[in-house]
Amino acid sequence: MKKIAGFLFFPFAVFAQTNGIADPSPQRYTFQVRASEADREVKAHPEIDFLLEKNGKPMDVENASVDTRVKAQGKLVIWLMGHNDELFKHCNSYGLHTIQVSYANGWFGKLYSGNPPADDLFLSNIRLEAATGKDFSKAVDIPLADGMMQRSLRLVQWLVKKNPQARWDGFLTPDGKSLRWDRVIISGASHGSTTAARFAKYQRVDRVVMFSGPRDQYEVWQSLESATPANRFFGFSHILDDGWKNDHYCRSWQLLGLNAFGPITDVDDHAAPYGNSRMLITHADVKNNAGRAHSSSVPGSAAVKNAAGKFIHEDVWRYLFTHPVDQVGEAVPADGNCTLDQRALIK
């Protein structure tokens, strides 16, 4: 065991010894549980449409999966969007444990209309409060039990008891009271990728995987000091996505400092490992549908397949989640054609 930049680094063999005992019946396990079942302290926040039930239907369902037939990598993916089993299947095939938690994301579009607030950290603070359950914003009141961090902890603690053969306890600190964030890959798409990136600026994690994002194009948190080193951020977007066409994503990528690790790289013109870049784009055929383009970066129904019915971005997804973070491309200048000052465009 050795210490690297503030982290205790455990070689995989140590993780396997403590977190990967042999499963007598190796298989892919999938789980669903309500957040209110995993933690009795969770509550609804109807003022931001963060509910436990709606019209008699549970709204706080959380998901998890792992494949014990695959050698465990000792890393946990926390997905900040609705459950996507196709994505989870891919991550499980890489040897990653996966969870999707219910966290406060219903506030989008409810807290202001028209031009953005003058406060250029308005959304930033709301995202941090939704992620942490700590008092970062005056616009919302989300306690610890309802933040992403605590709900992730409670879900993993529930899985430790429910699925001991997959050894979820390797993602807990020795006292079992906190997550091992150095073993967490935080990921999301669209607003989920934005919150994932904002959270990783605050809390050091193993890696950030950002699909179709981040946005918050009128804010400056992307350039703040980061707890997670910039080489651990990976982005992937389609060029027909409105967020790409309007420079929202390239702006965030540059402010995050990702051009220090290689140029924007079109994965349809380059093979893995894409020059070790952290800024990946695709021009794959989505029938000129911007909505599909927005969703096509993630495994699922909108993702592009070839004539044989195979996803064309299999190598990209594996790269995003597993590429060694110390392998980086050559730095390039900032893209002068990317509009950084989005507020100047407001009419």
Open item on the list: Lone cysteines in the chain, defined as no other cysteine's Cβ under 4.7 Å from theirs: which are they?
Closed with: Cys91
Open item on the list: Using helices alone, I'd like the mean residue ellipticity at 222 nm for the chain: each DSSP H run of four-plus residues gives -39500 (n - 2.57), total over residue count, nearest 500.
Closed with: -7000 deg cm²/dmol
Open item on the list: Looking at the chain only, what percent of DSSP beta bridges run antiparallel? Nearest 5 please.
Closed with: 45 percent
Open item on the list: Which of rounded, prolate or oblate describes region 77-216 when judged by the alpha-carbon gyration tensor and an a/c cut-off of 1.5?
Closed with: prolate
- [ ] Take each of the peptides 88-99, 138-149, average the number of other beta-carbon atoms within 10 Å over its residues, and list them starting from the highest.
- [x] 88-99, 138-149
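Once you have a ≥ b ≥ c as the square roots of the Cα gyration tensor eigenvalues for region 193-238, tell me rounded if a/c is under 1.5, and otherwise prolate or oblate according to whether a/b is larger than b/c.
oblate
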- [ ] Give the range of the longest stretch in the chain that excludes all GluC sites (Glu not before Pro) found in loop regions by DSSP and having at most 15 other beta-carbon atoms within 10 Å.
- [x] 42-224
- [ ] Using label points projected 7 Å from each Cα along Cα→Cβ, tell me how many nm separate Gln165 and Lys71, to one decimal.
- [x] 2.1 nm
- [ ] For Met210, list long-range residues whose amide hydrogen, built 1.01 Å from N in the peptide plane, is under 5 Å from its own amide hydrogen.
- [x] Phe234, Gly235, Phe236
Open item on the list: What distance in nm lies between label points placed 7 Å from Cα along the C-beta direction at Ala44 and Leu144?
Closed with: 2.5 nm
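What shape does region 233-347 take by its C-alpha gyration tensor, where a ≥ b ≥ c are the square roots of the eigenvalues and a/c under 1.5 counts as rounded, a/b above b/c as prolate, and the rest as oblate? It would help to have the intermediate numbers written out before the result.
Details: a/c = 2.34, a/b = 1.16, b/c = 2.01.
In terms of gyration-tensor shape, oblate.
Which net charge results when you count Lys and Arg as +1 and Asp and Glu as -1 among the other residues whose beta-carbon is under 12 Å from that of Asp285?
+2
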Task: Total charge dipole magnitude, region 70-181, about the Cα centre, Cβ charges on Lys, Arg, Asp, Glu only, Debye to nearest 20 - done: 520 debye
- [ ] Show me 204-214, 180-190 ranked by packing, highest mean number of other Cβ atoms within 10 Å first.
- [x] 204-214, 180-190
Open item on the list: With a cut-off of 8 Å between alpha carbons and a minimum separation of six or more residues, what is the relative contact order of region 21-150 in percent?
Closed with: 22 percent
Task: Semi-axis lengths, Å, the chain, gyration tensor of Cα atoms, sqrt of 5 times eigenvalues - done: 29, 26, 20
- [ ] Find the relative contact order for the chain and round it to a whole percent, using C-alpha pairs within less than 8 Å whose residues are 6+ positions apart.
- [x] 13 percent
Open item on the list: Test of the criteria: in region 228-327, which trypsin sites (Lys or Arg not before Pro) are in a DSSP loop and have at most 16 other Cβ atoms within 10 angstrom of their Cβ?
Closed with: Lys287, Lys310
Task: Which listed pairs, of Lys245/Lys305; Lys75/Lys138; Lys161/Lys305; Lys89/Lys287; Lys89/Lys162; Lys57/Lys161, have C-alpha distances above 30 Å, in listed order - done: Lys75/Lys138; Lys161/Lys305
Task: Distance between region 78-92 and region 272-341 - C-alpha centres, whole angstrom - done: 17 Å
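Only the coordinates and a few stated rules stand behind these numbers; no lab work does. Values in this document were obtained by computation on a predicted structure and should not be read as measured data. All Cβ positions, even for glycine, are placed from backbone atoms using ideal geometry, and neighbour counts span all protein chains on display.
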